[in-house]
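The values are calculated or read from the model by the stated rules, or taken from the named source; none is laboratory data. Just so we're clear, the structure is a prediction, and the values are computed from it rather than from any experiment. Using ideal geometry, Cβ is built from the backbone for each residue, glycine included, and neighbour counts are taken over all protein chains shown.
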Amino acid sequence: MIVASRCSGGRSSMDFLSRTRWWTVTLAAAWAVNAQAQSKTDAPEIAKAKYLWSQSPHGRMLERILPPAIEPHQLPEPQSAGARLALRYCVQCHYLPNPQMHSADKWQTIVERMNWRMQGKGNMGALMKDMMTGVEAPSAEELATLTDYLQKHGQQAIDPKHPALATSAGQMFSIACSQCHTLPDPQRHTAREWPGVVQRMRKHMSWANIVVGASELRTTPELNTREIIGLLQRYARRDAAKRPMPLTGK
Ligand code: HEC
Ligand code: HEC
């Protein structure tokens, strides 16, 4: 509602500066109240994004772009400049992305695409402007730090010649697990960790299906997760993960 009145265009009697101030103050106040009411556990950045979605006619679409999988403190190296930039820039339109979702090459192009969106370009530019006046784009230096950070913690793709892929469970794994990101290397997790990771992925898949909506458009194959987990465990890494953040299934 606030968004609509601000974006309805035309000249008002208020000069631009005071309108902007009014907007900023109103938004900040409304956000503070709403964020408090909405969740006591959300980080302020995420509470703010949720508030903006609640005000936007496109909010439901935006909220559905990425599942709520990771909290700020679960980011790898949460105190690093890269993590702080991700929290500052990457929850303006959707939930916090996990750097471990994509491989380094993918992050490069995704960050470029997101930067372009943050600059208000593209066919969704108008929509984004509608939603927030204050979408901030990173400086060139920040963008480089952010990209390095995401790439450093990125997903490792499985070797296409990996013996696991020659089996029928391997085929199921390829189809099911390459829909949203590169096919992961089984060495990424230990045999103990994999079931929890796959369980989380199942939730992401049902999340994605909710977005698609109509059942005839659903593409997710019936998942035999038992077989996929068995396969991943057979080729899993032996030592405990050195990563700071083995996420638990939510
Ligand atoms: C201005 C709004 C906006 C901001 C800010 C934004 N995104 Fe996005 N993001 C989108 C939209 C819209 C989509 C869905 C369409 C698409 O994939 O381009 C999306 C989709 C995604 C996806 C899922 C698609 C995929 O390829 O896996 C990832 C991951 C992602 N964004 C990462 C990021 C990162 C990292 C940042 C911070 C550098 C960021 N986003 C900042 C608007 C934004
Ligand atoms: C519907 C989209 C989707 C599908 C399908 C999917 N993933 Fe993911 N995956 C994600 C998202 C979103 C993230 C980042 C958030 C997270 O880590 O939960 C992710 C992250 C990951 C990560 C990195 C995080 C970590 O804990 O190491 C691994 C590994 C992974 N997925 C494995 C798999 C496997 C195995 C499958 C097949 C069973 C699969 N994914 C299928 C969406 C998906």
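Numbers at a glance
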item: Listing of helices (runs of 4 or more DSSP H) fully contained in the range 1-117 that carry 3 or more residues being at pLDDT below 85, hydroxyl-bearing (Ser, Thr, Tyr) and over 26 Å from residue 180 (Cα atoms); result: 16-38
item: Residue that is more than 9 Å from ligand 1 (Cβ to nearest atom) and surrounded by fewer than 17 Cβ atoms within 10 Å (Cβ to Cβ), where the choices are 108, 119, 100; result: 108
item: Every pair of residues 6+ apart whose Cβ atoms lie under 9 Å, when the first sits in the range 190-203 and is over 15 Å from residue 68 (Cα atoms) while the second is part of a helix (DSSP H, G or I) and more than 9 Å from ligand 2 (Cβ to nearest atom); result: 190/233; 191/233; 191/234; 192/233; 194/233; 195/233
item: Qualifying residue in the range 203-226 (condition: modelled with pLDDT of 90 or more, under 12 Å from residue 177 (Cβ atoms) and surrounded by 12 or more Cβ atoms within 10 Å (Cβ to Cβ)); result: no
